[in-house]
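Only one structure is covered here, and it is reproduced in the block below.
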Amino acid sequence: MAETIYNQGGIVSAVCHGVAGLLDLKDDQGRLIIKGRNITGFSDREEWLSGMKSQVPFFLEDRLVSQGARYHKGWLPFTSFALTDGRLVTGQNPQSPRAVAEAVTAALCASDVTRCPPGSIPAP
């Protein structure tokens, strides 16, 4: 579904381990949509600190990098961090959903002011 939304010009967002849903997705030219893009998701350090090493089949940070993403993370683990790169909006960890929602709202408003929630457009 995310691949279809992206290929139809929509904004795609994901937070924490949900960013794994962007792996292997391709654009309408057959290229990985995360290749060369600024992306975040649960970091290797956060996996270790949370004891997830044996609970996950792979570390997301490593897999994103292996698919050509430009992976970024916040300075401190478990603090809110979100990135927007074109129509992709990603959040690093469970502390990031608000920042992702705000970034998606900003992206929607930038593309079409009629999509802005009431009160979200600053007065002139």
- ³J(HN,Hα) computed for each position of the range 4-16 - Karplus, 6.51 cos²θ - 1.76 cosθ + 1.60, integer Hz, glycine/proline x: 5, 4, 4, 6, 9, x, x, 8, 10, 10, 7, 10, 6
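Go ahead and run the numbers for FRET between THR79 and ASN7, Cβ-Cβ distance against an R0 of 35 Å, rounding to 0.05.
Details: r = 33 Å, r/R0 = 0.94.
E(calc), rounded to 0.05, equals 0.60.
Magnitude of the Cβ-charge dipole of the chain, K/R +1 and D/E -1, about the Cα centre, nearest 20 debye? List each step's numbers first, then the result.
On the way: 12 positive and 12 negative charges, 24 e Å.
It works out to roughly 120 debye.
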- Task: Considering the options SER54, PRO118, SER66, tell which one lies farthest towards the positive end of the dipole of the chain, charges being +1 on Lys and Arg and -1 on Asp and Glu at the Cβ, about the Cα centre.
- Result: SER66
- Residue-averaged 222 nm ellipticity for the chain, from DSSP H runs of 4+ at -39500 (n - 2.57), nearest 500: -7500 deg cm²/dmol
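Give the shape of the range 1-86 as rounded, prolate or oblate, defined through the alpha-carbon gyration tensor: a ≥ b ≥ c are the square roots of its eigenvalues, a/c under 1.5 means rounded, and otherwise the shape is prolate if a/b is larger than b/c and oblate if not. Provide the component values of the computation, followed by the final result.
Values: a/c = 2.13, a/b = 1.75, b/c = 1.22.
Verdict is prolate for the range 1-86.
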- Query: At ALA110 and ASP24, where each label point lies 7 Å from the Cα along Cα→Cβ, what is the point-to-point distance in nanometres?
  - Reply: 3.0
- Residues whose built amide H sits under 5 Å from the amide H of VAL89, excluding neighbours closer than 5 in sequence, are VAL12, SER13, ALA14
- Env charge @ PHE59, Cβ radius under 14 Å, K,R +1 / D,E -1, value -1
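None of the figures in this text is laboratory data; all of them are computed from the coordinates on show. Just so you know, these numbers come straight off a predicted model, no measurement behind them. Please note: Cβ atoms are built from the backbone with ideal geometry, for glycine as well, and neighbour counts cover all protein chains shown.
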